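Asks: Pasting a structure here, questions to come.
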Amino acid sequence: MYDRKRALVAGGIVLALLIGGGLGTALLLGERTTAPDDPHANTLRLARDYYEDGELTRALDLVDRVLLDDVDHEEGNALRSRIVEARRAIEQEEQDRLEEISELRSQIEALESDDRSDDEEQLAALEERLAEAERERREAEERRAAEEEAAADARRAREQEEEERAREEREEEERRAAEEREEEERRAAEQRELERQEAELAALEEEEREREREVRNLLEEAERALQEGDFDRAIELFEEVLQLAENRPEALAGLGEAYRRRDPDSSEDQQQAREYAEAAMEADDTLWRPYFTKGEVYSSDDDHSAAREMFEKAAELAGDRPEVYFALGNAQYRASDFRDARENYQRVVDLDPEFPNAYYNMGMSNLQLRDEDGALQAFRRAIEVDPENSAAYHRLGMAELDRGNYRAAIVQLETAIDIAPGNPMYRMQLGQAYEAVGNASRAEAAFVRAAELDPGSPTHNFNAAQIKRRHEKFEEAYEFIQEAIALNPSPEYFYVKGQIQDGLGEVEEAIESHMTAAELDSRYVRPLIELGRLLDELGLHDDALDYLLRAYGMQPDDAAVNNNLGNVYLSLENYNESIDHFRRARRLDPDTPEIRRNLAVAYIGAEDYDRAEEELRSILDDRPDDWRVRHRLGEVLISLDDTESAREVLEGLLSENPEYEARDDIEALLTEL
C-alpha cells in the first residue's frame with residue numbers, strides 16, 4: 001500500500017513546494033528564526049511575512065537590502081534562494097495547469113468521439129474538472145493581466161523618470177559648471193586668505209610666530225599619523241595642538257576622526273568622536289570633516305536619516321572627495337533611496353575609478369532598481385578593478401543561479417571560493433548549483449565543506465544533514481542534524497531528524513522527533529504527514545487518521561496530505577473516502593505514479609475494476625516498464641473475466657522481464673487461466 005523505501009511524502013518535495021512550500025526548500029533556508037542580536041532581524045521577519053503572504057517581490061526587496069549590508073548573511077541568502085524557488089514554482093504551476101487543460105480536452109474529445117463509450121459519469125467528471133481548470137487558468141490570466149497593467153504603468157513611470165533624469169542631468173551640468181566657477185573663486189579666496197595669514201604671521205611677535213609654526217607642524221604630523229592608521233599617536237598630537245591653540249577647529253575635527261576610526265565597536269570612542277566633531281562644527285562650520293565623522297557615527301548607530309543629512313552637508317563642503325560621496329551613497333541605500341545611491345556611487349567612480357567597492361555597491365543598487373543588466377555590468381567592472389573581489393564573483397554566481405544558468409553559476413562561485421576558500425556561504429550556494437545540474441557528489445562535498453568551515457552554523461549543519469539524507473547516508477546525516485538541533489532546536493530540524501531516524505529504521509524515535517516538531521509549531525504540516533504515514537505502517541490507523549485530519553484542516557490542497565489520508569482510509573477499508581482523497585492527490589500531483597497506483601488499489605478494494613483498469617493503463621501509457629502496475633493490471637483483467645487480455649499482459653511482462661520478483665505468482669495465475 002505504501003512503499004516506505006520510496007517515502008512518497010519525502011519524495012514529493014517538488015509537489016509540496018508548488019502547492020504551498022515544504023521540505024523542498026528547507027535545504028536552502030535552514031533556520032526558521034533570526035538570532036535575537038541580529039540587526040537585520042526585523043527586516044528579515046517582515047520579508048518572511050511577505051513571502052508567506054505570496055508578496056515575493058516585496059520580500060525580495062527586503063532581503064536584498066539585508067545582503068547589501070552583509071553579503072554573507074546566512075538566513076538572508078537562504079531566504080532569498082527560497083523566494084526565487086517559489087517564483088519558479090509559480091511559473092511551473094501555470095505550465096502544469098495548461099498541460100492539464102490540454103490533457104482533459106483530449107480525454108473528453110476521445111470519449112465523445114468513441115461511439116462505444118457510454119461512461120457518462122467519467123465524461124461528466126472530466127468536464128467538471130476541465131471547467132474548474134479553465135476557471136483557475138482565467139483567474140491566473142486575470143492576475144497576470146493586472147500584473148502586466150501594473151508593469152505598463154511602471155514603464156510609463158520609468159519613461160517619465162527618464163525625462164526627469166534628462167532634465168536633472170542638464171541641470172546637473174549647469175550646476176557643475178557653476179560649481180567649477182565657485183571652485184575657482186574658492187581657490188582664489190583661499191589664496192587670498194593664505195596671503196592674509198602670511199601677512200598676519202609676519203606681523204606677529206616672534207613668540208607668536210614660533211607657536212603658530214609649531215601648531216602647523218603638529219597638525220601635519222598628526223595628519224600623517226591618522227593616514228597611517230596610528231590613531232593613538234594622532235590623538236596625542238592633536239591634543240598637543242589644543243594645548244597650544246585652544247579650540248583649534250582642525251585639531252578638534254582630527255580628534256573626532258581619530259576616535260571614530262580607532263575602535264568602531266567602542267561606544268566610548270564613538271561618543272568622543274561625536275563630541276569632538278560637534279565642537280569642531282561649532283568652532284568652524286565650514287569644515288567638511290566633522291560632518292563626515294558625525295555621519296559615520298550615526299551610520300554605526302543605524303540612524304541612516306541623520307547620517308544622510310550629515311554626509312550631504314559634508315559633500316556640500318568637501319568638493320570632489322570620493323569617500324564622502326561613497327558614504328552618502330551607502331546612507332541613501334540604507335534609507336531605500338536606491339536611485340540617488342546609484343548616482344553617488346557613479347560620482348565616486350568618476351572621481352576615482354579604482355575606489356574600493358564602489359562598483360560593487362552600484363551593482364547592488366541596480367539590483368534594487370530591477371536593472372539586472374546594469375547590476376551584472378557593475379559587478380564585472382568591480383572584478384576588473386579588483387580581480388580578488390570574491391563578493392563580486394559571488395554576486396555574478398547568484399545572478400546566474402537565479403536565472404537557471406547553473407553551469408555559469410558554478411564557474412563564478414568556484415572563482416569566488418578560489419579567492420575566499422574559507423567562506424561557507426559560497427560553498428553552500430555552490431552546492432545548490434551542483435545539485436541543480438545533478439552532480440550529487442560535488443553538491444554533497446560543497447554542503448559538507450560549508451559545515452566544516454562554520455561548525456557553529458545551524459544552517460550549514462542542517463544543509464549537510466539534508467544532502468546526506470537524500471543520498472541515504474543516514475548515519476552521517478544524523479551527526480549533522482544533531483549538531484544543528486543543538487545550535488537551534490527548530491521544528492524543521494526535528495522534522496528532518498525524524499526522516500533520518502526513519503531511514504535508520506528507528507521508527508519509534510522518528511515518531512518522537514516528528515511529535516516534537518509538531519509541538520514546537522502547531523501549524524507545521526510536514527511532521528503531521530509523517531506521523532500519519534508512520535503510524536499507519538505500524539497498524540495504528542485511528543491515531544494516524546487523527547494527525548492527517550489535522551494536516552488536512554490546515555492544507556486541504558496538499559497532495560501528500562491527501563495521498564496519506566487515502567492510504568489510511570484504504571487500511572480501514574473505507575474505500576469511498578480513500579478514493580476521494582487519492583483522486584484529489586492525483587489532481588494536485590498528476591505526475592507521481594505512486595498516487596495513481598494507490599488510486600487503482602482503492603478502486604480494486606471497492607471492486608470497481610473498470611476504473612481500476614483505466615487507471616492502471618493510464619499509468620502504463622507513461623511508464624510502460626512499471627512491472628508492478630502490469631502485474632496488477634493482469635489481476636484486474638482476471639477479475640473482469642477478460643482472460644485473453646490478462647494472459648497477454650502477464651505473458652508480456654515475463655517475456656520482457658524474466659527476472660521479475662513475483663514471477664512465481666504470475667506463473668500460478670497463468671496456470672489457472
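The values are calculated or read from the model by the stated rules, or taken from the named source; none is laboratory data. Predicted model only: the values in this text are computed from it and were never measured. Here the Cβ is made from the backbone with ideal geometry for all residues, glycine too, and neighbour counts use every protein chain on show. In case anyone asks, the SASA skips ligands and DNA or RNA and just uses the protein heavy atoms, side chains included. Shrake-Rupley method; radii C 1.70, N 1.55, O 1.52, S 1.80 Å.
Asks: Test A258 against the criterion of being over 28 Å from E183 (Cβ atoms) and crowded, with 20+ Cβ neighbours inside 10 Å, and give yes or no.
Replies: On the way: over 28 Å from E183 (Cβ atoms): yes; crowded, with 20+ Cβ neighbours inside 10 Å: yes.
When the stated conditions are applied, A258 passes them.
Asks: Does L351 satisfy the criteria of being modelled with pLDDT of 90 or more, aliphatic (A, V, I, L, M) and surrounded by 20 or more Cβ atoms within 10 Å (Cβ to Cβ)?
Replies: No.
Asks: With the condition kept exactly as written, say whether any residue in segment 162-183 is assigned to a helix (DSSP H, G or I), at pLDDT below 70, in contact with a helix residue (DSSP H, G or I) (Cβ under 8 Å, 6 or more places away or on another chain) and surrounded by 10 or more Cβ atoms within 10 Å (Cβ to Cβ).
Replies: No.
Asks: Let me ask something additional. Return yes or no: is D265 open to solvent by 50 Å² or more (accessible area, probe 1.4 Å), out of contact with any Lys or Arg (no Cβ under 8 Å at 6 or more places or on another chain) and part of a helix (DSSP H, G or I)?
Replies: So D265 fails the test.
Asks: Only one of (1) in a helix (DSSP H, G or I); (2) exposed (fewer than 15 other Cβ atoms within 10 Å of the Cβ) fails for Y291. Which number is that?
Replies: (2)
Condition check ((1) part of a helix (DSSP H, G or I); (2) at pLDDT below 95; (3) among the charged types (D, E, K, R)) across all residues:
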| position | (1), (2), (3) |
| --- | --- |
| R261 | yes, yes, yes |
| A273 | yes, yes, no |
| D285 | no, yes, yes |
| Y298 | yes, yes, no |
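Asks: Go over the candidates K313, K294 one by one and state the one that is of a type in the set (K, R) and more than 24 Å from V241 (Cα to Cα). Before you say what the answer is, go through the steps one by one.
Replies: Details: K294 fails: more than 24 Å from V241 (Cα to Cα).
Among K313, K294, only K313 is of a type in the set (K, R) and more than 24 Å from V241 (Cα to Cα).
Asks: In segment 624-635, which residues are under 48 Å from the mean Cα position of the chain (by Cα) and surrounded by 14 or more Cβ atoms within 10 Å (Cβ to Cβ)?
Replies: D626, W627, R628, V629, R630, H631, R632, L633
Asks: I would also like to ask the following. Test E278 against the stated conditions and say whether it is closer than 22 Å to Y325 by Cα and crowded, with 20+ Cβ neighbours inside 10 Å.
Replies: no
Asks: If you don't mind, there's one more thing I want to ask. Quickly run through segment 418-433 and pick out the residues that are surrounded by fewer than 21 Cβ atoms within 10 Å (Cβ to Cβ) and touching a Leu at 6+ places or on another chain (Cβ under 7 Å).
Replies: Once the filter is applied, which keeps residues that are surrounded by fewer than 21 Cβ atoms within 10 Å (Cβ to Cβ) and touching a Leu at 6+ places or on another chain (Cβ under 7 Å), segment 418-433 yields only G422.
Asks: Between L68, L28, L56, which is within 27 Å of G422 (Cβ to Cβ), open to solvent by less than 50 Å² (accessible area, probe 1.4 Å) and at pLDDT 70 or above?
Replies: L68
Residue by residue, here is whether (1) aliphatic (A, V, I, L, M); (2) more than 16 Å from the chain's Cα centre (by Cα); (3) modelled with pLDDT under 95 holds:
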position: G397; (1), (2), (3): no, no, yes
position: L401; (1), (2), (3): yes, no, yes
position: G404; (1), (2), (3): no, no, yes
position: R407; (1), (2), (3): no, yes, yes
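Conditions (1) out of contact with any Asp or Glu (no Cβ under 7 Å at 6 or more places or on another chain); (2) farther than 23 Å from A199 by Cβ; (3) open to solvent by less than 20 Å² (accessible area, probe 1.4 Å), marked per residue:
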position	(1), (2), (3)
R216	yes, no, no
E220	yes, no, no
G229	yes, yes, no
A234	yes, yes, yes
L237	no, yes, yes
V241	yes, no, yes
E246	yes, yes, no
P249	no, no, no
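To keep it simple, each residue is scored yes or no on (1) of a type outside the set (S, T, Y); (2) open to solvent by less than 30 Å² (accessible area, probe 1.4 Å); (3) more than 20 Å from E577 (Cβ to Cβ).
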site	(1), (2), (3)
Y603	no, yes, no
E615	yes, yes, no
T643	no, no, yes
R647	yes, no, yes
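Asks: Now for a different question. Is it fair to say D546 is at pLDDT below 95 and not β-branched (V, I, T)?
Replies: No; evaluated as a whole, the condition is false for this residue.
Residues are listed down the side, and each one gets a yes or a no for (1) on the phi > 0 side of the Ramachandran plot; (2) modelled with pLDDT under 95; (3) crowded, with 23+ Cβ neighbours inside 10 Å:
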| site | (1), (2), (3) |
| --- | --- |
| E435 | no, yes, no |
| R470 | no, yes, no |
| I481 | no, no, yes |
| L487 | no, no, no |
| I500 | no, no, yes |
| E508 | no, no, no |
| S513 | no, no, yes |
| E519 | no, no, no |
| E530 | no, no, yes |
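Asks: With respect to the numbered conditions (1) under 32 Å from the mean Cα position of the chain (by Cα); (2) in a loop (DSSP other than H, G, I, E, B), which one is the sole condition not fulfilled by V349?
Replies: (2)
Asks: Let me ask something else about it. Do we have any residue at all in segment 318-330 that's more than 30 Å from the chain's Cα centre (by Cα) and crowded, with 23+ Cβ neighbours inside 10 Å?
Replies: For segment 318-330, residues more than 30 Å from the chain's Cα centre (by Cα) and crowded, with 23+ Cβ neighbours inside 10 Å: present.
Asks: Checking the condition surrounded by 17 or more Cβ atoms within 10 Å (Cβ to Cβ), out of contact with any Phe, Trp or Tyr (no Cβ under 7 Å at 6 or more places or on another chain) and closer than 17 Å to V84 by Cα, which residue from L376, L367, L396 passes? I'd like the intermediate steps shown before the answer.
Replies: Values: L376 fails: closer than 17 Å to V84 by Cα; L396 fails: out of contact with any Phe, Trp or Tyr (no Cβ under 7 Å at 6 or more places or on another chain).
Result: L367 is the single residue among L376, L367, L396 that is surrounded by 17 or more Cβ atoms within 10 Å (Cβ to Cβ), out of contact with any Phe, Trp or Tyr (no Cβ under 7 Å at 6 or more places or on another chain) and closer than 17 Å to V84 by Cα.
Asks: Quick check on my filter: what residues within segment 563-590 are farther than 14 Å from A606 by Cβ, among the aliphatic types (A, V, I, L, M) and without any contact (Cβ under 8 Å) to a residue 60 or more places away in the chain?
Replies: L565, V568, A585
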